[in-house]
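What follows is calculated from the coordinates using simple rules that are stated; it is not laboratory data. These numbers come from a predicted model, not from an experiment. Neighbour counts are summed over all protein chains in view; Cβ atoms, including those assigned to glycine, are modelled from backbone coordinates with ideal geometry.
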Amino acid sequence: MNEETKKKITNLIQENNICLFMKGTPEVPQCGFSLAISNVLKHLKVNFKGINVLENNEIREGIKEYSEWPTIPQLYINKKFIGGCDIVKEMFEKGDLQKVINIK
């Protein structure tokens with residue numbers, strides 16, 4: 001990944017408390033896994049930034065290298081990589097995601 005792409009990704013993560021790198025947009029997810037995480041966040045009524053990796057191949061490939069995680073979607077909360085769909089759904093079901101987001 002080049003420095004410009006790394007800087008773009010870092011800025012997106014730092015500028016948004018909840019940042020979801022996904023296929024599609026929160027309004028129109030283009031894969032089931034992106035839809036699932038987007039729906040969990042909407043259910044929790046939290047504001048989040050959805051980044052459509054389908055619009056930028058450098059970010060699509062760069063985020064995988066950045067996180068050392070091979071799949072998309074990827075969720076970041078408070079600048080920390082949380083995980084992909086299965087991890088986020090499991091955390092939500094256990095109530096751990098709500099704690100990370102600081103929802104009482």
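Looking across the stretch 26-54, just one residue is out of contact with any helix residue (DSSP H, G or I) (no Cβ under 8 Å at 6 or more places or on another chain), outside any helix (DSSP H, G or I) and crowded, with 16+ Cβ neighbours inside 10 Å, and that is 52. Being farther than 17 Å from residue 11 by Cβ and polar (S, T, N, Q) is the filter; apply it to the stretch 55-97 and report the residue that is surrounded by the most Cβ atoms within 10 Å (Cβ to Cβ). Among them, the one singled out is 71.
Taking the stretch 47-59 only, how many residues are more than 13 Å from the chain's Cα centre (by Cα) and in contact (Cβ under 8 Å) with a residue 12 or more places away in the chain?
Our first condition is that a residue be more than 13 Å from the chain's Cα centre (by Cα); within the stretch 47-59, this holds for 54-58.
Keeping just the survivors that are in contact (Cβ under 8 Å) with a residue 12 or more places away in the chain gives 54, 58.
Residues meeting the conditions: 2.
Yes or no, residue by residue, for (1) of a type outside the set (A, V, I, L, M); (2) free of Cβ contacts under 8 Å to residues at least 12 places away in the same chain:
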position: 39; (1), (2): yes, yes
position: 61; (1), (2): yes, no
position: 65; (1), (2): yes, no
position: 71; (1), (2): yes, no
position: 82; (1), (2): no, no
position: 96; (1), (2): yes, yes
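Consider the stretch 64-104 and keep the residues that are polar (S, T, N, Q) and under 18 Å from residue 45 (Cα atoms). The one that is farthest from the chain's Cα centre (by Cα) is 102.
Beta carbons closer than 7 Å, at least 6 apart along the sequence or on distinct chains, pair a first residue in the stretch 1-25 that is more than 20 Å from residue 97 (Cβ to Cβ) with a second that is assigned to a helix (DSSP H, G or I) and among the hydrophobic types (A, V, I, L, M, F, W, C) for 5/59; 8/59; 9/59; 9/63; 23/53; 23/54; 24/54.
Select from the stretch 55-94 the residues that are basic (Lys, Arg) and in a helix (DSSP H, G or I) and list them in ascending order. Hits for the stretch 55-94 are 60, 64, 89, 94.
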